[in-house]
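No lab work stands behind these numbers, since they all come straight from the coordinates. Everything numeric in this text was worked out from a predicted model, so none of it was measured. Glycine also receives a Cβ, built like all others from the backbone with ideal geometry; neighbour counts cover every protein chain displayed.
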């Protein structure tokens, strides 16, 4: 009992109490309860520490925002995408002699892609493609919560537009850790909104297939 009272006093701002108040503290349960629940005002040092932590948090947020923005494609890159198509060498009469490429791709207009292929893509990858503005925030938030709970970035929740932004502007690195993946997802998010503002849905599908 004595130990409990001593421990309670150690946590209570009793310094400066008169003998009468000290007597009331030990004999009046209501007074003691009031004192033990009373919040102690923060000291100047504590205020400085809290202010410093808030300032550090703001600084980190600003620096990270600058870092994210610095990796986004420029306006010129957005308006003039360069799909990695094969370079073809033609003879004087129009015959293809050879082609050079890192990725063997040939441009195909959307009209030459079967409707079934387009429908299959949308139904499996992005059912809300024609209604969203590049991203679906609720899917993005749900995926991030799942990833945080499992401590792994397993679910991407990428729309077709986000996949275009990732592949067309090389936003994905060769070896990514969790920090890199989170940063990439934010860059994809921002770039996808810009793509939707720059291109029609048809043009985005065409970019995806090519």
Region 74-209 pair-distance distribution - Cα-Cα, 10 Å bins, rounded %:
11, 35, 33, 16, 5, 1, 0
On the Cα set of region 154-210, report Rg and Dmax in Å, please.
11.5, 34
Between region 29-88 and region 175-210, what is the separation of their alpha carbon centroids in Å?
24 Å
To the nearest 0.05, what FRET efficiency results for residue 131 and residue 99 with a Förster distance of 35 Å applied to their C-beta separation?
0.35
Taking the simple approach of a point 7 Å from Cα along Cα-to-Cβ for both residue 46 and residue 142, what is their distance in nm?
4.3 nm
Residue 200-residue 90 FRET efficiency (beta carbon distance; Förster radius 30 Å; 0.05 resolution):
0.45
After finding the eigenvalues of the alpha carbon gyration tensor for region 52-133, what semi-axes result from the square roots of 5 times each, listed largest first in whole Å?
42, 24, 10
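Cβ neighbours within 10 Å, averaged per peptide: list 127-138, 24-35 in order, most packed at the top. Intermediate results must be reported in sequence, preceding the final value.
Values: 127-138: 14.6, 24-35: 13.0.
The densest-packed peptide leads the list: 127-138, 24-35.
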Would you list 187, 139 from fewest to most Cβ contacts within 10 Å?
139, 187
